[in-house]
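Report on the structure given below.
The values are calculated or read from the model by the stated rules, or taken from the named source; none is laboratory data. A quick note: this is a predicted structure, and the numbers were derived from the prediction, not measured. Because the Cβ atoms are built from the backbone with ideal geometry, glycine has one as well, and the counts that use them run over all protein chains shown. For accessibility, only protein heavy atoms count, side chains too; no ligands or nucleic acids. Shrake-Rupley method; radii C 1.70, N 1.55, O 1.52, S 1.80 Å.
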Amino acid sequence: MKYMGSKRRIANDIIAILEPHLKNRQFVDLFCGGCNLIDKVNHPVRIANDNNKYLIAMWKGLQQDLPRPYLIPKELYSRARDEYNNQTNNEFTDFEIGWIGWMGSYNGRFFDGGYSGHNVKGRDYISEQIRNTEEQITNLADVKFYNLDYKNITITKPSVVYCDIPYKDVKQYASSKNFNHEEFWQWCRNIPKHSKIFISEYSAPDDFKCVWQKEVTNSLNTKKTYKPTERLFTLWDGTQI
């Protein structure tokens, strides 16, 4: 699924770092977004969380194979966008708003960036997004989805916790614009010792160790392509990664 900040192209690199720590630990994707990493994790216990209720309603609905439109004309998209903006469910369920919003928005930006379209210079962007998203469903069948603020997640069992947080000083979805990075890093420091936490970001406080990095071409904005360095951090406890 196309999603702003997706780790699809580097998911296997990140998973290779996480896998050695997964023995006898469950996997928690704390900011699951487009599920472009967790759908590739081969593990019997997988938990996905996101604070966007429409996103989680969409993934849960896809697990249940709920009815959904495959043609999303602009008029339907606009009606669903109005429901989202007004925080109402007069015509659409949260699942339907999530489905229409992510399938029909330009570059998967969820009602932020305009309507994508079924026929744009001979290309059907909406059908491409639907096809790519539905290809993920089989690999997400047993994932447990939650819609919580990360601070309300209690890590009671040994876990590998992966956090693809809203990057600092980067354009965000509406649901993450007020993300407090200092609070997040402190939350990481308080995670139980039986678990291991990994965070994707461009930079981190000094007590977090960078265990992987890679220059990645970012072309979400079709008018501007740049190559930031993606990094994976963990809270450094003096042991070998």
Centroid-to-centroid separation of the range 13-63 and the range 75-120 [C-alpha atoms, Å]: 24
Vicinal HN-Hα couplings computed from phi for the range 50-59 (Karplus, 6.51 cos²θ - 1.76 cosθ + 1.60; Hz; Gly/Pro x): 7, 8, 8, 5, 6, 5, 5, 4, 5, 5
P(r), alpha carbons of the range 146-199 - 10 Å bins starting at zero, rounded %: 20, 55, 22, 3
Longest site-free stretch - the chain; sites: GluC sites (Glu not before Pro), DSSP loop, at most 13 other Cβ within 10 Å: 136-241
Extreme residue, positive dipole direction of the range 12-106, given options I17, G104, A80 (C-beta unit charges): I17
FRET efficiency for T88 and E19, using Cβ-Cβ distance with R0 set to 35 Å, rounded to 0.05: 0.20
Under the Debye formula (equal points on every Cα, no solvent term), log10 I(q)/I(0) of the chain at q = 0.13 Å⁻¹: -0.82
Value of relative contact order over the range 81-175, rounded to a whole percent, pairs C-alpha under 8 Å and six or more apart: 14
The range 83-174, accessible area per residue, ligands and nucleic acids excluded (1.4 Å, Å²): 50
Estimated inter-spin distance, K157 and E128, nm [label 7 Å along Cα→Cβ]: 3.9
Binned Cα-Cα distance frequencies in the range 71-176 - 5 Å width, integer %: 2, 10, 16, 18, 18, 18, 10, 4, 2, 1, 0
Lysines with Cα under 26 Å of K227, excluding same-chain neighbours fewer than 8 positions away: K2, K7, K40, K168, K171, K177, K209, K214
Accessible area of the range 24-117 belonging to carbon and sulfur atoms, whole % at 1.4 Å probe: 47
